[in-house]
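Structure first, then comments.
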């Protein structure tokens with residue numbers, strides 16, 4: 001027998017090196033640890049069996065008496081028993097790792113079992129359940145009272161806010177825009193107190209649930225889970241914030257450098273735009289678009305630099321979303337990119353400036369806006385026409401204002417007069433009409449070109465200079481009026497030469513107020529050959 005015990009002890013000591021320790025846990029309370037495998041029973045199996053026996057004894061007994069827990073010697077060790085039930089066996093193989101003798105270890109285990117079994121029995125006793133039920137009822141009553149009080153105060157405060165909004169009429173404005181009216185302020189305050197009310201109720205509910213769950217053994221693990229659900233995310237967030245601090249400092253440094261660099265470039269841009277700073281070959285109207293391009297490139301460079309330091313930038317989800325957005329922008333903005341490139345080319349080609357009178361395609365008007373995507377033209381009829389920059393770059397444009405201030409813009413119009421009118425007289429009348437027109441210059445002097453000698457008439461073109469291209473519609477109208485007056489005064493009809501060639505016996509088309517008193521229409525004559 002003695003040799004068998006020694007052999008069993010040696011085998012167990014050898015087996016302990018291959019076994020993982022297992023704690024004995026009863027309702028989340030750890031009593032002690034089983035460290036040695038006995039035969040085919042692993043430490044995990046031994047620990048689970050002991051925990052189950054403790055639960056069975058304490059939950060099936062109407063009362064628990066700690067003195068009923070005894071230690072009984074058997075051939076293999078000591079049994080810790082409650083009545084006739086063996087709760088656990090203390091074996092010699094358990095003593096080497098605990099540093100105690102066999103009996104001393106059995107006494108220690110008895111004390112540990114008595115403590116936890118008494119506690120577990122109290123938790124399961126009717127008196128304990130009644131006591132915990134009372135605590136639960138008190139907690140629920142406090143929660144209901146808190147919710148009632150919050151709702152009562154919310155209703156009272158809401159009525160007061162609505163009443164005050166009807167009394168006060170003061171408005172907070174940004175410029176002329178009423179940012180905060182009494183109605184908006186009232187709506188905002190009502191939304192704010194409603195949100196606070198819901199937040200208080202949710203916090204109270206989340207606080208009371210762990211208390212209720214912790215009162216009963218069956219739900220105690222739920223209480224721990226609820227606490228973990230709150231603490232773990234907060235802990236994760238705090239850990240992430242602490243870990244992000246070095247990267248955040250790098251981002252701040254990069255952003256600060258780019259921000260102040262852009263501020264410096266903006267100051268230089270303003271000086272160039274005002275004409276205070278001049279750079280040879282660089283026009284003042286290039287300053288703003290050039291600044292916008294450089295600013296975009298700097299911020300793009302900044303984003304590339306700080307991208308690896310952003311939280312989650314290395315995650316597959318973050319990268320996938322970035323690629324998707326990039327493809328979406330690329331496929332959806334092809335026309336916008338074409339217009340932006342065209343706007344950039346137009347900016348540095350300088351075909352027109354803001355305020356210039358231009359003709360782009362069939363649109364005549366003044367340039368009122370230029371940006372990277374479109375150009376807006378206001379016609380003489382006050383119609384705002386939006387033209388894509390790509391269409392402007394691919395078509396043609398006429399700028400009437402580019403040379404008007406220095407050389408003058410030539411206004412020209414044509415009339416056709418029959419061969420019977422002296423051409424020198426026609427020249428004189430056209431020049432006089434131009435000189436009588438407002439906004440047409442006396443110097444350089446208007447001049448006439450004879451552009452064609454047709455079958456029945458001569459084409460005359462009057463040319464005159466102006467420095468007011470934005471008034472060219474009015475100038476043309478007044479010039480035509482003056483041409484009519486001057487030709488009527490000179491007794492020269494502006495009439496279809498075809499009509500004049502076959503006319504005989506009809507009254508002249510010159511208005512009656514311009515005819516001489518002795519005027520009589522030519523008679524209708526017929527010649528007969530002899």
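The values are calculated or read from the model by the stated rules, or taken from the named source; none is laboratory data. Just so it is clear, the structure is predicted and the values come from calculations on it, not from any experiment. Note that we place each Cβ from the backbone using ideal geometry, even for glycine, and neighbour counts take in every protein chain shown.
Return the residue satisfying two criteria in turn: it lies in segment 405-432 and is touching a strand residue (DSSP E or B) at 6+ places or on another chain (Cβ under 7 Å) and in a loop (DSSP other than H, G, I, E, B), and of such residues it is nearest to residue 458 (Cα to Cα). So the residue we want is 419. The residues of segment 43-80 that are part of a strand (DSSP E or B) and modelled with pLDDT of 80 or more, listed by number, are 70, 71, 72, 73, 74, 77, 78, 79, 80. Considering only segment 97-114, state which residues are assigned to a helix (DSSP H, G or I) and at pLDDT below 75. Hits for segment 97-114 are 97, 98.
If you filter segment 214-248 down to residues that are surrounded by 11 or more Cβ atoms within 10 Å (Cβ to Cβ) and at pLDDT 85 or above, you find that the one that is nearest to the chain's Cα centre (by Cα) is 248. Look at residue 386 and say whether it is assigned to a strand (DSSP E or B) and without any contact (Cβ under 8 Å) to a residue 24 or more places away in the chain. Yes: the conditions hold for residue 386. Every test in (1) within 25 Å of residue 210 (Cα to Cα); (2) at pLDDT 75 or above is passed by residue 38 save one, and that test is (1). Assess whether residue 454 counts as being assigned by TED's automatic domain parsing to the domain that holds residue 418, at pLDDT 90 or above and out of contact with any strand residue (DSSP E or B) (no Cβ under 6 Å at 6 or more places or on another chain). So residue 454 does not fit the description; no. Within this structure, residue 8 passes the test of being part of a helix (DSSP H, G or I), at pLDDT below 75, over 30 Å from residue 118 (Cα atoms) and assigned by TED's automatic domain parsing to the domain that holds residue 99. The residue pairs whose first member lies in segment 276-304 and is in the same structural domain as residue 355 (by TED's automatic domain parsing), whose second member is in a helix (DSSP H, G or I), and whose beta carbons are closer than 7 Å, counting only pairs six or more residues apart or on different chains, do not exist in this structure.
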